[in-house]
Each structure stands twice: as C-alpha cells, then as structure tokens.
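J.: Here you go, one structure.
We did not get these values from a lab; they are worked out from the coordinates using the rules stated. Values in this document were obtained by computation on a predicted structure and should not be read as measured data. Using ideal geometry, Cβ is built from the backbone for each residue, glycine included, and neighbour counts are taken over all protein chains shown.
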Amino acid sequence: MKRVLWSIVLAVLVGWAIWGVAAERTISVAFIPQLIGIPYFNAMEAGGKAAAERFGVNFIYQGPIDVSAPEQLRIFDALIAQGVDAIAIAVLDETSICPAMERAAAAGLIPFTSDSDAPNCPARRLFVCQALNEDLARAIIDGIAIRLSPGDPYKAVGKIAFVSGYPTAVNLNTWMDLMEEYVNAKFPGLKIVARRYAGGTAAEAYRQAMDLFTAYPDLAAIVGVPSTSIPGVGQAVEDAGLTGKIIYTGYGSPLTARDYIHSGAMTFSVLWDPWALGYLTVWVGWLLAQGVALDQIPVEIELRVPGLEDRPEVAVRWIPEKKIVLLGPPLIITKENVDKYDF
Amino acid sequence: MSTSTTFSPCEISRGGVGDTPSLLTMIRQPMIRKLQNIRPRSTVAQKQVSLLAVICLLIGVFSVLSPHFLTLKNFQTILRNMPELGLLSVGMSIVMMTGGIDISAEAALGVAAILVGKSMLQGDPAWVSALIGPITGGILGTINGVVVAYFGVLPIIVTLGAMYVWRAVIFLLVGARWLSGLPRTFDPLVKTFVLGIPIPFIFFLLITMSLEFLFRKTPFGWHILAIGNSEYSARLAGVRTRRVTVGAYALLGVLVGIAAFLYVGKHRNVEMTVASGMSLEAIAAAVIGGTSILGGEGSVIGCVIGVFFIRLLQNGLVLLGIPSIWDYLVLGGLIIAAILSDLLYKRRRT
Amino acid sequence: MLALRSRTVMPSLGRIFESRLLYLTMFIGVIITIFSIKSPYFIVPANFLYMFKYTGIIGILGLGETLIILAGGGGIDLSVGSMLSLSGVLLYFLSTMVNVWLAVVLTVPLGLFLGAINGVLCTFVGIPPFLATLATMFAYSGISLGITRGVALSGFPKQFGVLGEGLIFGVPVQFLVLLFVFIPAGIMLRLTSFGKHIIAVGNSEHTALLVGISPKRVRFVLYVISGGLAALGGILMDSWLLTARPDAGLGYELRAIAVAILGGTHIHGGSGTLTGTLLATIAITMIQMGLQLVNVNAVWQLGIIGLLLVFVAVLNQVIGGGGLRKLIIRWG
C-alpha cells in the first residue's frame, strides 16, 4: 500500500511541476451541440469558426456522440473547469443543465443557450434562437396546405404522417406537438394519422415510411422531422413510386435533401441557416464576454452583425420579453434555392 | 455420404492431436456419433415448422385487421427490407453456432458502407466499389476472430470494444459530413424486380442457399457446429478450432460487407449513426430462426424465416397503427420469447 | 477451451493482484502527468476533486459487473444501463406518490427485482448471460421508454439533489456513496464465506459443486445485487440531473464492463479485486475528463475506452494464462 501511495504522490508532484503558466488571454467561447457528427451542427461549427476568426475568439466546439444529457453535463463541467469566458449550449435537458449554468455563472462565466433553450433557468443570460418554434411548425403545415388546396389553404383535405427520430428528442416532439395543434386549430380537413419514431438511422426511417405508404395509401403528405429521417424517407418516396404524387417535406438540411429535391421526391424543406446561427452564437458570446450587456437592452431592436449582411433570410433581432436573439424567419428550401446552400 | 468423411485423414494429421492411432479411434467414435446428432435438422426443423405456423397465424390476423396488408405491394416492401438484415443475421447465426457473438457487426457495416460510398463518389468502376464492401467487412471480421480465437477473450467483450472502436473510425471517415446523394450506379441491380421479386432479395437467397450447402456438405460447417457443441472435444477430434473460429467471424464480416454494398446501393446515403441497433435485430432473427443460443446448432435457411418474421411483425405494427414508442419493447420481448422457446425445445429433447 | 486451461490460482494470485494494483496506480499517475502537461486545468484542486463526482455511477455499476464476472460461467450483465434508466424512471413515478426519500428506499427493491429476473434467466433457466441480459437490456429500456412516452420527467424537489450534486468537505457525495458500497462489498468478498464462494465458483464450478456450494445460487444472488446497484446508480443519476430520463443509462454497460476488466477481473472469472475496479474507475474517469479538457471528441473517448478494453482483456489473458510463452505454445 505504501508503494501505491508514494507513486500517487510522485505522479501528482510531477504533474504540478510541469503545469505551465496560462498563455496570454484571448476571449474563448464554447459551444456544446446536442450531438456531434450530424451535418446540421457541423454547419454551426463552421459558422462559429468563421466568426471566431473574424473577431479573434478562441472557439471550442464539443458535444456528445449520442443525444445524452449526462454527457452534455459532463462536457459542460469540463468547460467550466477550463475557465472559458462564455458557454453556449444547445440544451437537451433543462432541469439538469440549469444547476450547471448557475455554477458557471458563479464562477464568472457567461452561460447562454443557442439552438435549443432553457427558458426557465435564471442563470441563462439569453437565447440565440434560429427561428421561433411556432413559425417552424407553421411553415411546414402552411406549405402542405397551400399545395393541397392552392385557392384556399384552410380548405385543404388530406392525411399527414410524421417520421421522427429518437422519441426522447424534445425539440422534435415540440415541433410535432405544435404542428398538430396548428392543424387542429386551423385546418379541419387535415388529419395527422401517424407519428413514428425511427431512431437515428435512415434505414429505419426508410422502412417506417414504406410501411406508412402501405398503411395509408391515400396519404397526402409525409414529414421527415429530424435530418436523420430525411434521406430514408426520400428514398422511400422514390422507391414506392410516389415522386410527385405525395408532398414530402421536413426539417432537412439542403445538403441532405438536395438529391431528393432535385429528383422531385421531396417537395420542400424548412430550416434556417445553421452556419449563420453558429456565427451569431459566437458573435453574441464575444460581445457578452467583453462586458457588452446585450441582455439588458429593454427594447426590441434590429442587430447588424458584421459578416452576416449578405446571408439570405437573416434578420437578427433582439426580443427583450423572452430574452431572445432571433436569427430570422424560417428558411424555405425548394428546387429554386437548394443549390445555394452548403450545409 | 457417410459422416465419417467429416475427418479426412489429412485433417487429422494436421490437427496434431495424437500420433497414436489407437487414441484417435477412441476419440473419433463418440465424436462421430455426436456429429450425427447435430446435423442441422432435428430440432431446428421442428422449430422452423412451428415458426412458420406462427407466421401464418400472424398473416391471418394482420389480413383481418388491415385491408392493406395482404397485397402484393406490401409483401414486396417486406422482401425489399430483408436482404441487409438477412445477410447480417446469417453471418451472426454462423458465429453463434460456434458459441460466439458479434455485436460490432452493425458498426462494421457502417465502416464498409462508408468506404463503398466514398469509392462511388470518387468515380471508381462499379465492380471496385462493390468489392470494397466484402473486403473491408472480411478484414474487420478477421480482426475480431483472431482476438477471440487466439487470445481466448470472451466474444462479447471483444466485439463490444470493437463496436466503439469502429464507431470512432466511422466518425473519422465521415467527419460530420454524411455521404448523401451518391450516384445511382447500382440502381439497375438493387431497384429492379424479377417476376415481382426484388433482385437484392434473390441475391440474398442465393447466398443463403450456398451457405446452407456449405454447412451441410463441407467439413467447415460440421466443424463450426462441433466447436459450438464442445470446443474441447472438437479440438481433440482434430478440428483446427482456432482457424475455424476465425473463419466464422471472417465469413460474418464478408456477409456484413455485402450487406453494406446493398445498403449503399439502396439508400445512396450513409449517416454517422448508420445501422445502429442492427446487430441486435440480427441476433434476434437468428435465434428466432432456430439458431441455438448455446451454440452448436442452427440453420442458415432458418435466418431467412426469422428475418421475414421480424420484418412482418414490424410491418404489422405500422399497419395496425400501434404507437411507435412500443417498438423497442416488442423486439426485446421477441428475443426473450425466442430464447425461452429454444430452451423449451432443448428440455423436451433431453 | 475453458476446460483446457488449468489456472494456478492460489499461490500466484496475490502477486498478480499486487502487481495489477501497482500497474493501475502507475497508469493513473501517467494519466495525471500527461493531462497536466496538456491542460492547465486538469490538476487545479477544485476541479480535481470535482472530477470524482463522475466516478460514482460508473463505479457502482462496475462493482456489480465485477462481482458477476468474478463468479465465472460467462457471467456478464449487459442490462445495467437499462436497469439504471428504468429504476430512475420508476423512482420518479414513486416520488410523485410518496415522499421522495421514501421513494428512494423503495426503488432499491425494485432494482433487486429487475436483477432477479436477470438472475433467474441466467442461472435457473440457463440462458447464456450475454444473451439473456442483452434481451433484458432491450426490454427494460423499452419499458422505460414506453411508460414515459420517451419524455424526460423532471420535478424532483431541489433538496433531493444532494446525493448527486452535493459536496461534503469538497468531496462529492457521489464518491462517498461509491465508497459506502465498495467497502462493505470488499469486506464481503474478502472475509465472508459468501465472498469465498464467489471466487470458488468462478475458479471451478465443478469443485465448488463438490464442496457443496451451489454455483447457480451464488450467481443468482450476484445478479440480484447488480440490479440493486443499478437502482442505486439510477437514484444518483436522478438526483444529479433532477430529471428521470428514459435513456439515462445509455452506453453505461460498456463503461461498467471496461472498469471491471481494466481493474484486473479475469473475464472467465475466479480472480479479481474490488480495489482494482475502484482504481480502474478512477483511471477511466480521469481519461475521459482529461480528454475532455484537452477537447478531444467524445467519439474518440469511447473509441479509446473500447480499445483499452480489448487490449486489457488480451493482457489479462496473457497474464492469467501463464505468460506470453505459454500463449505462443497454445497457438502452435
């Protein structure tokens, strides 16, 4: 046992000795996505990097490989330990991340949210919001309705099915709930007939979509909710010979959806510009870390973000009631504009 | 063909077990008797008959409950969804017959699929892209096999570790940029129907048939079953157990590679999470199809029925409008039910 | 193959253990050194103690896993993560009915029950453990997804967070809970006859039977214990997140098995120590935390743990099988 103890002491001493002096200070902003390895968050990372380069920020991008709240928390704690200036997080689970945010604030860091919010957490300084959830839900349903009944969308008649991802994903569930609410409130002729969870793979989405086409031969529209469902459902539409006969839409990034939009299998896709969202996140973090109290502005104002002027559909606004920095309205991606984006 | 040909003289001399013929004959006799018992018929066939009965029952129930079920198109859809899982399951059943398991198969499929996809994007000739799948799969499978056979580490631990390593490799290869919108090179092969049957399914059936032949008529198949029954006695009888084990894992790898090729051809897309959860489905299909959970017994053809059963059930769940949240439970319950029925058969036999 | 290997257990056992513990300590030392060089934040005292919070759940699951693997017979429990999720979810539902602390007390028997199902399947029914627990892994996580409809449930009272978040003299309560279960378990393994039975069963089932120990009964009890420990893990997880998530235990089975194997437990059972598992838990947590601090991707973290798992399992085999030379002879 003595040997054991001594080797610990020795190792620790060596560690202390080697521990150098911290490098000269640059502002560092971290962003924790919900998971890494999907094109969407990759685009946010690219946007964040671009902003970091422009404003001279040290940008750290770290996230879990599964949609896992404990993992996110672990990464968050590690970032607090690193003493970054501002941490943005795409929240998976509000309750668990809130105490960590309070810890961060107590340690003098600036915690804020981006992409997905923790609205009831007092420590969260503000939320960088891609588009309002209500707007996103409406964009899908409106798009379906207007194509079903071009004269008067509110008279549209048809069945709609959802192919979602993991059943535990809060944002996907929120969108589906909002879509359902909107349909029930405004479109008496539309009916949501199925809500399937395909997990995280395209193959499963393919299978579920194929079976949905069999189960509901008169299906008017199918919605691939997460980007993991997009290629699977698109392929299913093609293979079932329904290209052009069914409205296929969803929240798919242009890169994933491009092939299906070109072939006509996918009618339109709704998203926002994640590159710009990542850029905006780092910009906001940079401002806050410099002591600019963006979150204290009491009135709604438009913000001009250097470097984002030429991005389409970007109209950054500060909404004080909800403490939101809004990127802009949802981006509708169709055959006409799909080639313009690279994310 | 008599069973005694199982051990050709050269096979025994290579085994290097004993140089004294008297000892050999002593060991051989019980072994041969044992091998006759484990020829892939007996209870396996029984199980398959009852499985077919359950399938008929399910088809009956689904037809009554859903008007869209009993249509040509629906069955075409089911067949279309079978080949990739089927190949995985056939390979898995071979590994399970040796008493092993490979839960890294899904991640190996992902690695192979990415390499196939990358090669397609590079514009390699179609045959090169098609070959990359099985080669990659074979290599990955061999690695698992070697660690299992030569280092004697439990298969579950080796393949659990391997799964996470392959997933990291997938991440390295795809980065965060999925392969999407791959060229339609293989469309004529994977999207065509012959007599109303999708070509990949025919392809899958052909592979299965030849493997079934391999199992019934060649020493390799018998050796695998012998290892699963008792590695110890198999080795004493002159089976080069380590090589055969590696062979089983490599074969699974090759099948996984072929599945990867079919997958890429069909989906023209590879994402980071590709095929996650597929190993478990494959294990379930193999067990349902009659592969014994204790090893040493099983049938390749049975996997076809097992996979058909799983896909049929999943199809029925959607058609009947059962909430999707219960999908996981159904699969878990299915594995347990299959395992229990396997044990029940074992009990009754002994 | 099992039968062929005659392990010389008793005489060399102590030496192997000792060297194993020494290796592990040195390993931890190396980890500390490397990460201290790579990241200035690693060895900061506040952070260093805080890191021990992450040992709690992994260590507790790893303890159950170690005991099961120790008892041999291909014993393994793949369902620990799912049991953790399910008992966490059940705890939430209980806490809506009764006082949260009472609910905590009630959750443990539920975990024991889940473990007992595993135990029955693996021992008395006779399904190979990796398959039985693979199936229950699916079934348990299916149940927790089903009863929650996939939604994370929050609304625990704030004072409940003390187990997962609390600090006593700067030491995380999670780590104290870990010690609280490790010490009695260690005493049980070393000093009680049941502990000796575990080792005996793991070494030779046949011999154990001959001296009147029932391997089935011993293993059954261990699965039950593993279930109870998973429930404890679920309680800690709930308390830490103040949320019951149906997917909370995702991927924890790998870590639990990894710490058991890394800690020197022989995969075929019969040899291993709890101290080894504890040190391995600390090592793995440090690796993960350190990799995180130098901003290495989470996929790589798991990939590295996976590699380490296979590597150490092979290494154990080499040591346990009588050294490299014997291994080479076996190949020939």
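J.: Is it possible to state the helix-based mean residue ellipticity at 222 nm for chain C, with each DSSP H run of 4+ residues giving -39500 (n - 2.57), the sum divided by total residues, to the nearest 500 deg cm²/dmol? What is it?
T.: -24000 deg cm²/dmol
J.: Here's something else I'd like to know. Specify which residue in the list C:LEU49, C:HIS268, C:VAL105 is farthest towards the positive end of the charge dipole of the stretch C:12-298, using unit charges on the beta carbon of Lys, Arg (+1) and Asp, Glu (-1), about the Cα centre.
T.: Result: C:HIS268, furthest along the dipole toward the positive end.
J.: Please tell me the relative contact order of chain A in percent, rounded to the nearest whole number, where contacts are Cα pairs under 8 Å and at least six residues apart.
T.: Result for chain A is 18 percent.
J.: Right, another one. Could you give the distance between the Cα centres of the stretch C:106-177 and the stretch C:187-244, to the whole Å?
T.: So the separation of the two Cα centres works out to 16 Å.
J.: Return the subset of B:LYS191/B:LYS217; B:LYS217/B:LYS266; C:LYS196/C:LYS216; A:LYS245/A:LYS335; C:LYS53/C:LYS158 for which the Cα-Cα distance in this structure is over 23 Å, preserving the input order.
T.: B:LYS191/B:LYS217; B:LYS217/B:LYS266
J.: Nearest 20 debye, what's the magnitude of the dipole of the protein assembly as shown about its Cα centre given +1 on Lys and Arg Cβ and -1 on Asp and Glu Cβ?
T.: Magnitude of the dipole: close to 3740 debye.
J.: Using Cα-Cα distances under 8 Å and only pairs 6 or more residues apart, what relative contact order does the stretch C:12-298 have, in percent?
T.: Once divided by the residue count of the stretch C:12-298, the mean separation gives 39 percent.
J.: In debye, nearest 20: dipole of the stretch A:133-271 around its Cα centre with unit charges on the Cβ of K, R (+) and D, E (-)?
T.: It comes to approximately 180 debye.
J.: Can you list residues from other chains, or at least 5 along the same chain, whose modelled amide H is less than 5 Å from the amide H of B:THR98?
T.: B:GLY296
J.: Tell me which residues come under 5 Å, amide H to amide H, from A:TYR197 once H is placed; ignore anything under 5 positions away on its chain.
T.: A:SER164, B:SER324
J.: Still on this structure, I have one more. Please report the spacing between the Cα centers of the stretch B:116-145 and the stretch C:66-97 in Å, no decimals.
T.: Their Cα centres are 39 Å away from one another.
J.: When every alpha-carbon pair in the stretch B:144-241 is counted, what percent end up more than 24 Å apart?
T.: Counting every Cα pair in the stretch B:144-241, those more than 24 Å apart make up 58 percent.
J.: I'd like the Karplus ³J(HN,Hα) series for the stretch B:104-117: coefficients 6.51, -1.76, 1.60, θ = phi - 60°, whole numbers in Hz, and an x wherever there's a Gly or Pro.
T.: Values per residue, Gly and Pro as x: 8, 4, 5, 6, 5, 4, x, 4, 4, 4, 5, 5, 4, x Hz.
J.: Charges on Cβ only, +1 for Lys and Arg, -1 for Asp and Glu, centred on the Cα centroid of the protein assembly as shown; of B:TRP326, A:ALA90, C:LEU21, which one is farthest towards the dipole's positive end?
T.: C:LEU21
J.: Turning to a different aspect of this structure: List the cysteines in chain A whose Cβ has no other cysteine Cβ under 4.7 Å from it.
T.: Singleton cysteines: A:CYS129.
J.: Taking H as built 1.01 Å from N, whose amide H comes closer than 5 Å to the amide H of A:ILE60, not counting residues under 5 places away?
T.: Correct list: A:VAL29, A:ALA30, A:PHE31.
J.: Run the helix sum for chain B: -39,500 (n - 2.57) per DSSP H stretch of 4+ residues, divided by residue count, reported at 222 nm to the nearest 500 deg cm²/dmol.
T.: -24500 deg cm²/dmol
J.: According to the square roots a ≥ b ≥ c of the eigenvalues of the Cα gyration tensor, what is the shape class of chain B, taking rounded for a/c under 1.5, prolate for a/b larger than b/c otherwise, and oblate for the remainder?
T.: oblate
J.: Where a ≥ b ≥ c are the square roots of the eigenvalues of the C-alpha gyration tensor, would you call the stretch A:133-271 rounded, which needs a/c under 1.5, or, failing that, prolate if a/b is larger than b/c, or oblate?
T.: It is rounded, given that a/c, with a ≥ b ≥ c, falls under 1.5.
J.: Could you give the dipole magnitude of the stretch C:12-298 about its Cα centre, charging the beta-carbon of Lys and Arg +1 and that of Asp and Glu -1, in debye to the nearest 20?
T.: Computed about the Cα centre, the dipole is about 200 debye.
J.: Still on this structure, please answer the following. Give the average over all directions of the projected area of the C-alpha convex hull of chain C, one decimal, in nm².
T.: 17.7
J.: Now for a separate question. Shape call for the protein assembly as shown from the C-alpha gyration tensor, a ≥ b ≥ c root eigenvalues: rounded (a/c under 1.5), prolate (a/b greater than b/c) or oblate?
T.: Oblate, since a/c reaches 1.5 and b/c is not below a/b.
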